[in-house]
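Peer 1: First, the structure itself, so that you have it in front of you.
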Amino acid sequence: MVGISECLTGAQVRYDGNHKRDGLPDTRQLEALFEWRGFCPEVAVGMGVPRPPIRLVGDLAAPRAVGVDDSTEDFTDALADYAATVVRETGLDLAGYVFTEDSPSCGLYSVNVFADESNNPVPNGRGIYADALCHALPELPVEEAGRLFDAGIRESFVDRVFAYAHWSALRRAGLSSTALNEFHGCYEYLLMAHSVAHSRRVADLFSGFQGPPHALGDRYLRLLLTGLGQAATRASHANALLHLEGQLDGLDRAQRGELKSQISGFRAGEVAFQEVAAALREGCAATGRVDLHNQVYLTRPGT
Ligand code: SF4
């Protein structure tokens, strides 16, 4: 389940009675992957539709959400409290969140904050509701809708959401050292495709860590999600695919040559990722490499 600013779903909940459906890319693929759950904090706290607009005013580090026309109308605490309600209601079911940009409630980055009653904003704030939600769930994958028009950012978001949902399931089942090792075993190549540096840091973490599984788990999850947060490129995917192919010792020269040529085709933009992944899965099955066959990287949903 992925939370979403409700105006992005087409619901007419904006202050002027409109929606913001065009703020999100064509979501047929995303809709097939996610169960969207829309929330409009301003409506939820009783501001109504239509309603007078609000804006962020005051200290950049702790602005208040007040009426544009009447700054004595202060909705800050109500919006922050509503985030706590959403977290309580959705709990571990929430696997990500897509916010509307520029909103004093939902904006994630670059929201205008007015130091005083003037019209000279600093565009470095975060909406009150978005900020409270991110503080309550610091590892939750979040994005602004407009950034999802970028294919690399969209792919990274989808990978993070699925990894987080998988992680939440693991937490529900109980975290042990064995479960943690198995979990990371499935993400090795996906992480490599996004960030070789984070792959190395995770390997170092696992080799040197002394302590209970939950402490290792917290640090691991942060590294994994930060690494997946780096957009993969064709070159970084090709690198991870070649590493995987290099593990398939049981294949003959002709089969490996075929795989290598498919990976080159992918690097050149001539072969789809799914095609190469399917060929690698066949190679893993043929060589009995169950560990590689189970890589999330080879079965991840396309975006
Ligand atoms: S940006 Fe947030 S508060 Fe504003 S209309 Fe959309 S969902 Fe509601």
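The values are calculated or read from the model by the stated rules, or taken from the named source; none is laboratory data. Predicted model, so just to flag it, every value in this text is computed and none were measured. Cβ placement follows ideal geometry from the backbone for every residue including glycine, while neighbour counts extend to all protein chains displayed. These accessible areas exclude ligands, DNA and RNA; they are computed on the full protein's heavy atoms, side chains included. Shrake-Rupley method; radii C 1.70, N 1.55, O 1.52, S 1.80 Å.
Peer 1: Against the condition open to solvent by 60 Å² or more (accessible area, probe 1.4 Å), β-branched (Val, Ile, Thr) and closer than 30 Å to Leu175 by Cα, how does Thr299 come out, does it pass? Before the answer, list the steps.
Peer 2: Values: open to solvent by 60 Å² or more (accessible area, probe 1.4 Å): yes; β-branched (Val, Ile, Thr): yes; closer than 30 Å to Leu175 by Cα: yes.
Considered against the rule, which asks whether it is open to solvent by 60 Å² or more (accessible area, probe 1.4 Å), β-branched (Val, Ile, Thr) and closer than 30 Å to Leu175 by Cα, Thr299 comes out as yes.
Peer 1: Among the residues of segment 54-80 satisfying the criterion of being assigned to a loop (DSSP other than H, G, I, E, B) and of a type in the set (Ser, Thr, Tyr), which is most open to solvent (accessible area, probe 1.4 Å)? Explain how you work it out, then say what you get.
Peer 2: Looking only at segment 54-80, we keep the residues that are assigned to a loop (DSSP other than H, G, I, E, B), and these are 58-63, 68-73, 75.
With of a type in the set (Ser, Thr, Tyr) added as a condition, the list becomes 71-72.
Numbers: Ser71: 57, Thr72: 115 Å².
Filtering first and then ranking leaves Thr72.
Peer 1: Taking segment 52-83 on its own, how many of its residues are of a type in the set (A, V, I, L, M, F, W, C) and away from the ligand (no atom under 16 Å from the Cβ)?
Peer 2: Within segment 52-83, residues that are of a type in the set (A, V, I, L, M, F, W, C) and away from the ligand (no atom under 16 Å from the Cβ) number 4.
Peer 1: Out of Arg28, Arg14, which single residue is assigned by TED's automatic domain parsing to the domain that holds Thr76 and away from the ligand (no atom under 11 Å from the Cβ)?
Peer 2: None of the other options fit; the residue is Arg28.
Peer 1: (1) within 14 Å of Gly246 (Cβ to Cβ); (2) open to solvent by 40 Å² or more (accessible area, probe 1.4 Å); (3) not small (Gly, Ala, Ser): which one isn't true of Arg267, the others all being true?
Peer 2: (1)
Peer 1: Which one of these does Gly91 not meet: (1) assigned to a loop (DSSP other than H, G, I, E, B); (2) at positive phi?
Peer 2: Checking Gly91 against (1) assigned to a loop (DSSP other than H, G, I, E, B); (2) at positive phi, the one that fails is (1).
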